[in-house]
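Asks: Sharing a structure with you now.
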Amino acid sequence: MISWRSTWSIYTRELTRFLRTWMQSLIAPVMTTSLYFIVFGAAIGDRMPDLGGVGYAAFIIPGLMMLTLLGETTSNSSFGIYMPRFTGTIYELLSAPIGVAETLIGFVGAAATKSLILAGIILATALVFVDYSIAHPFWAVLFIVLVAAAFSLFGFILGIWADNFEKLGIIPTLFLTPLTFLGGTFYSIDMLPEPWDKVALANPIVYLVSGLRWTFYGSADVDFRVSLGITIGFLAICVAVIATIFKTGWRLRA
């Protein structure tokens, strides 16, 4: 049976850590997103044609949101588990009567909450620069939560794998950010010439950006059901990997 008190303790600890670093966790992403809107939305947007009946400044909102969410969720989650390993306090968590389920629900719940807060702030910031509407708000919230949960777990795995601060930043900096830029953040995959439009589909971030864009405007490069299925599949893989890590004690008990 799940101990909800233990889950709540982990959840509140992670959320409190997030709020303590609000300058880095909230202000920095908002400022970065604002710069993107100023450069790509205001300066370039007026010179770009509508994409799928959507103005360019509004078209890039889901991509910019995904760019921020992936980086922030992965970094926060990986740092959250790496620091207890680095300081040795991870043994308090391992020796406590807390199961894998409580740990995952606490960490993932906090990451999802952070992401929803951040997404809300980004959407409010976007309103300053462009008018937009969300065609499917329920699916938008659900998709954001699923992506946040999946990449929170992915960051959890990254934080356990990393044995120094350099490794902690390798994946977000060298892989996630470039893949997001190449994943249709600022353009539609249909705009690419052959065969690059097909090659782009090998980028998993394409499905995340496309899925979120569908929830906003009802049209996307990839069927939303495919995007949703890939997100849930990645979430399930991360859960299985973390369950194995806790079962074997890999890098936790060393």
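The values are calculated or read from the model by the stated rules, or taken from the named source; none is laboratory data. Everything quoted here is computed from the prediction, not taken from an experiment. Cβ atoms come from the backbone with ideal geometry, glycine included; neighbour counts cover every protein chain shown.
Asks: Kindly indicate the residue of region 15-62 that is within 17 Å of the chain's Cα centre (by Cα), in contact (Cβ under 8 Å) with a residue 12 or more places away in the chain and under 18 Å from residue 112 (Cα atoms) and also surrounded by the fewest Cβ atoms within 10 Å (Cβ to Cβ) among those meeting that condition.
Replies: Ranking the qualifying residues of region 15-62, first place goes to 30.
Asks: Tally time: how many residues in region 218-254 are farther than 21 Å from residue 82 by Cα, touching a helix residue (DSSP H, G or I) at 6+ places or on another chain (Cβ under 8 Å) and assigned to a helix (DSSP H, G or I)?
Replies: So the count comes out to 8.
Asks: Which condition number in (1) out of contact with any Gly (no Cβ under 9 Å at 6 or more places or on another chain); (2) of a type in the set (Gly, Ala, Ser); (3) within 18 Å of residue 65 (Cα to Cα) is the one that residue 220 fails?
Replies: (1)
Asks: Since residue 191 meets every condition but one in (1) surrounded by fewer than 16 Cβ atoms within 10 Å (Cβ to Cβ); (2) of a type outside the set (Ser, Thr, Tyr); (3) at pLDDT 90 or above, which condition does it not meet?
Replies: (3)
Asks: Give the residue that is farthest from residue 16 (Cα to Cα), with candidates limited to residues of region 87-110 that are over 24 Å from the mean Cα position of the chain (by Cα) and part of a helix (DSSP H, G or I).
Replies: 95
Asks: Sticking with this one: Just checking, how many residues over region 194-213 are of a type in the set (Lys, Arg) and surrounded by 14 or more Cβ atoms within 10 Å (Cβ to Cβ)?
Replies: Matching residues across region 194-213 total 1.
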